[in-house]
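The values are calculated or read from the model by the stated rules, or taken from the named source; none is laboratory data. The model shown is predicted, which means the values in this text are computed figures rather than measured ones. Backbone-built Cβ (ideal geometry, glycine too); neighbour counts: all protein chains shown. Areas reflect the complete protein model, heavy atoms only, side chains present, ligands, DNA and RNA absent. Shrake-Rupley method; radii C 1.70, N 1.55, O 1.52, S 1.80 Å.
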Amino acid sequence: MKVLKFGGSSVGSASSILSVKRIVEAVNEPVIVVVSALGGITDKLINTSKMAAVGDASYENEFREIVYRHVEMIKEVIPAGEAQVALQRQVGELLNELKDIFQGIYLIKDLSPKTSDTIVSYGERLSSIIVAELTGAEWFDSRTFIKTEKKHSKHVIDTDLTNRLIRETFQNLPKRSLVPGFISTDKVSGDVTNLGRGGSDYTAAIIAAALNADSLEIWTDVDGFMTADPRVISTAYTISELSYVEATELCNFGAKVVYPPTIYPVYHKNIPIIIKNTFNPDGVGTVIKQE
Ligand code: ASP
């Protein structure tokens, strides 16, 4: 089996999300797909909460844009019919909850870290049910098996507990499974937490390592690790192979291709990470492995 992760830009527009569908459907072994929120939505969720918290009524306009992005995406990618209506209803319910939370923040002008974590979780909860419907995958709630604990006021993963829960959840692996990235819950309180900005890569790596996947594919919007930032150096080119150590070093020096903690769990299991471009699926990408 393998684990595929698609970032925000891969699920950011109707055309890119349809490309995700083609990539997932072309896999002919059991696959677990991990997705980020629709591109830009996490930032918007944070922005909307901050506006509401300072009593700025135009938070409602920001929120309307969040609603619009999801509703339009469904209209564009899911054929009209019963399935589309059911999905709009499901997404509508989540958006209604979100609306109430924003209104609460606006009224009491308070935004706690706990509420903020709850709000950002909606990004992946919304995107993942859309992609699940689109790809005919079974949806699994990562909040039930990615568990964190509080250490020095940070949420860190409880690896042993999480690994056990992942193995239990995916004991009978369906052909296609769909998992929201980034989100988790506190192992004691059950409160919604997350793995930090960019954390969907990490969700995918944790799942790949727990299930001894054959590979972890990170689908993004660049061809792989490059020799330099292509926005600065126009002659930069893709590096086809890197060792885990080299990739970790590049990440620590600021390469934005993968979220740095991602490498560690798969490195321990010697599972190759393949970086691929959703917008250029035939490109070779970068393989990160032992040697
Ligand atoms: N949606 C989250 C973020 O924007 C997590 C992720 O995309 O990996 O940081």
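General observations
- Whole-angstrom Cα spans of the stretch 94-205 along principal axes, big to small: 46, 36, 22
- Percent carbon-and-sulfur accessible area, the chain, ignoring ligands, DNA and RNA, probe 1.4 Å: 51
- Size of the stretch 23-165 from its Cα atoms: along the principal axes, largest to smallest, the extents are 50, 43, 21 Å.
- Taking other residues whose beta carbon is less than 11 angstrom from the beta carbon of Ser142, and scoring Lys, Arg as +1 and Asp, Glu as -1, yields +1.
- Computed [θ] at 222 nm, deg cm²/dmol, the chain (DSSP H ≥ 4; -39,500 (n - 2.57); rounded to nearest 500): -15000 deg cm²/dmol
- Order by protection proxy (mean Cβ within 10 Å, highest first), peptides 275-286, 56-67: 275-286, 56-67
- Our Cα-only numbers for the chain put the radius of gyration and Dmax at 18.8, 56 Å.
- Counting only DSSP beta bridges with both residues in the chain, the antiparallel share comes to about 30 percent.
- Label-point separation, Lys114 to Arg22 (7 Å along Cα→Cβ), nm: 4.7
- For Met226, residues with placed amide H under 5 Å, excluding near neighbours: Ile239
- Near Glu29, once Lys and Arg are set to +1 and Asp and Glu to -1 for all other residues with Cβ below 11 Å from its Cβ, the sum equals +2.
- Shape summary of the stretch 181-237, radius of gyration then Dmax from alpha carbon positions: 16.0, 51 Å.
- Over the stretch 1-99 - Rg/Rh using Cα atoms and the Kirkwood inverse-distance radius: 1.04
- Amide H contacts of Ser215: Val3, each under 5 Å away and 5 or more positions distant or on a separate chain (H built 1.01 Å from N in the peptide plane; Pro and chain starts excluded).
- 15 Å beta-carbon shell around Thr238, net charge (K/R +1, D/E -1): -3
- Computed over the stretch 127-274, the ratio Rg/Rh where both radii use C-alpha atoms and Rh is Kirkwood: 0.99
- Vicinal HN-Hα couplings computed from phi for the stretch 210-225 (Karplus, 6.51 cos²θ - 1.76 cosθ + 1.60; Hz; Gly/Pro x): 5, 9, 6, 4, 6, 7, 10, 9, 9, 9, 9, 10, 10, 6, x, 5
- The modelled label-to-label distance for the pair Tyr237/Arg89, using points 7 Å beyond Cα in the direction of Cβ, is 5.6 nm.
- Accessible surface ranking for Asp186, Asp43, 1.4 angstrom probe, highest first: Asp43, Asp186.
- Normalised by residue count, the stretch 159-201 yields a Cα convex hull volume of 88 Å³ per residue.
- Heavy-atom accessible surface of the chain, averaged per residue, reaches 47 Å², computed with a 1.4 Å probe.
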